[in-house]
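Inspection log for the structure reproduced underneath, given as structure tokens.
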Amino acid sequence: MGGEILVIGGGIAGLTSAVEASETGYSVVLVEKTPFLGGRVAQLNKYFPKLCPPFCGLEILYRRMRTNPKLKFFTNTEVMSISGSAGDFSVNLRIKPRFVNENCTACGKCKEVCPVEVENEYDFGLSKRKAIYLPHTMAMPFIYAIDEFKCNKCGECVKVCKYNAINLNETEKTLNLKVSAIIVATGWKPYEARKIANLGYGKFKNVVTNMEFERLASLNGPTNGKILANGNPINSIAFAQCAGSRDENHLPYCSAVCCLASLKQATYVREQYPNAKIYIFYIDIRAFGRYEDFFAKVAKEKGIELIKGKVAKVEEKDGKVLVTAEDTATGQKIHKEVDMLVLATGMQPSLAENPIAGIEVDEYGFVREKPGIIPAGVAMKPLDVMFSNETATSAALKAIQFAKR
Ligand SMILES: Cc1cc2nc3c(=O)[nH]c(=O)nc-3n(C[C@H](O)[C@H](O)[C@H](O)COP(=O)(O)OP(=O)(O)OC[C@H]3O[C@@H](n4cnc5c(N)ncnc54)[C@H](O)[C@@H]3O)c2cc1C
């Protein structure tokens, strides 16, 4: 097989690069390591600053992909090795079995009979899914997948599938591609909140991360979008900014989006509970460029209190979360008792812990550009969606120049 440009990662940045490059007439192959495209954006409830649903942007890209014969994508696929140089790379891919083919109509009969229930990673373990699954109703491709590590091969799904869509004997494949340029759009994962010992994550039930909170607020999330603490409505909530970020012991850099994400999430609470008290503890609010307007608008909403002070201690009492911080404006210690605490954990590049041979990264795991290997989106640096897409478009432009030579 020959593909002139390879895009690694099927999140918003990789999809954008792939669509933009292929629409100029070059052949593009996109590889995504999970069974579905969309990346982290598919887990968000709404996008700041417009607060629109993330599937709008994704669906536009999917539509452009479907009608573009120059663009091929492989899910469940990882890069094993890269050799060669700009204009002439050789890439070895490993395609893991999905066990479900294009005959699948997503009727869901297989899911009903599957006896294996596991933690649902789409909801960060806040819900369960079956070993044969579709993460959500906007999934791309809209075909079930079998979790090879969890499936017990009982064959019940095969028996009920009327479309001959399941083959439990499918095996792993390898593929070699010759490409001129590689766009690395491998994105990020949430920083592990358990590592921040003083913030109580994993110890106290109502201490959640910002990405878990996105799922709790999502209509297709574990509580159908109802934000609840101990099963009850929220009267008060706190957000702890820079949870692990800008901290030499954790992520020394600023993740760029967490302040805006918490401001956005405060609007989720405000929408459901107009009288709830919302506290945002911050070091300094980073709302760059035109996002300043979004910050100003949310900050003056009723019941939202911004407190300049880093959360130092988190405790639990009678199902409530006790938050202690020092107000840097007054020097006073502040104590707040809230129903829920949301930790604004930062974005850690995917390649920090899962490197790809042949791709160079900096000390944090962000990809370093070199001739013919071009980062896009959060693989490059912490970015929001708009800037991820800008880097993705510019990566496409750089990549097609190598393909042309
Ligand atoms: C709490 C929170 C809320 C946010 N809310 C907003 C918001 O409202 N508005 C906004 O603009 N931004 C928001 N962001 C930022 C937004 O999530 C990112 O800008 C966006 O996810 C970047 O997309 P990406 O494609 O670079 O990375 P990702 O979304 O991480 O996609 C990367 C893809 O690459 C795949 N991948 C990883 N490694 C490999 C590999 N080795 N091989 C193949 N595939 C691989 C992954 O599976 C994934 O599908 C938020 C961030 C946080 C933390």
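Coordinate-derived values only; no laboratory data. Since the model is a prediction, treat every value here as computed from it, not as a measurement. Cβ atoms come from the backbone with ideal geometry, glycine included; neighbour counts cover every protein chain shown.
If the chain linking MET386 and LYS226 were pulled fully straight, counting 0.36 nm for each residue of separation and taking away their Cα-Cα distance, it would gain 54.8 nm.
Of the peptides 259-266, 301-308, 125-132, the ranking by mean beta-carbon count within 10 Å, highest at the top, reads 259-266, 125-132, 301-308. Here the residues TYR144, TYR253, TYR47, ranked from fewest to most Cβ neighbours within 10 Å of their Cβ, fall in the order TYR253, TYR47, TYR144. Relative to the longest principal axis of the chain, what angle (0 to 90°, nearest 10) does the C-alpha long axis of helix 385-404 take? It works out to around 20 degrees. The magnitude of the dipole of the chain, with charges of +1 and -1 set on the Cβ of Lys/Arg and Asp/Glu and taken from the Cα centre, is near 640 debye.
Spacing of the modelled spin labels on GLU316 and ASP293, each 7 Å from Cα toward Cβ, amounts to 4.3 nm. Each of SER83 and ILE95 was given a label point 7 Å from its Cα along the Cα-to-Cβ line. The distance between the two points is 2.2 nm. Compared with the dominant Cα axis of the chain, that is its longest principal axis, helix 12-23 is turned about 40°.
Taking amide H atoms as placed 1.01 Å from N in the peptide plane, the amide H of VAL100 lies under 5 Å from those of ILE146, ASN167, each 5 or more residues away in sequence or on another chain.
Where the centre of each part is set by its Cα atoms, how far does the range 266-307 sit from the range 197-224, in angstrom? Using only Cα atoms to place each centre, the spacing works out to 18 Å.
Among the listed pairs LYS46/LYS398; LYS96/LYS189; LYS33/LYS264; LYS46/LYS277; LYS203/LYS336; LYS109/LYS226, those whose Cα-Cα separation exceeds 24 Å are LYS46/LYS398; LYS33/LYS264; LYS109/LYS226. Rounded to the nearest 20 debye, the dipole magnitude of the range 263-405 is 400 debye, with +1 charges on Lys and Arg beta carbons, -1 on Asp and Glu beta carbons, and the Cα centre as origin. One equal scatterer on each Cα of the range 228-267, no solvent, Debye formula: the resulting log10 I(q)/I(0) at q = 0.15, 0.22, 0.28 Å⁻¹ is -0.48, -0.76, -0.93.
Once the Cα-Cα distance is subtracted from the 0.36 nm per residue extended length, the GLU102 to LEU219 segment shows a gain of 39.4 nm.
For the pair ASN167 and THR137 in one chain, pulling the backbone fully straight at 0.36 nm per residue adds 8.5 nm over the alpha carbon distance. Counting only DSSP beta bridges whose two residues both lie in the chain, roughly 50 percent are antiparallel.
Derived scalar couplings between HN and Hα for the range 348-361 equal 10, x, 4, 7, 4, 10, 10, x, 10, 4, x, 10, 8, 10 Hz in order, rounded to whole Hz, by the Karplus curve 6.51 cos²θ - 1.76 cosθ + 1.60 (θ = phi - 60°), x for Gly and Pro.
If R0 is 41 Å, the Cβ-Cβ spacing of GLU117 and LYS178 corresponds to a FRET efficiency of close to 0.45.
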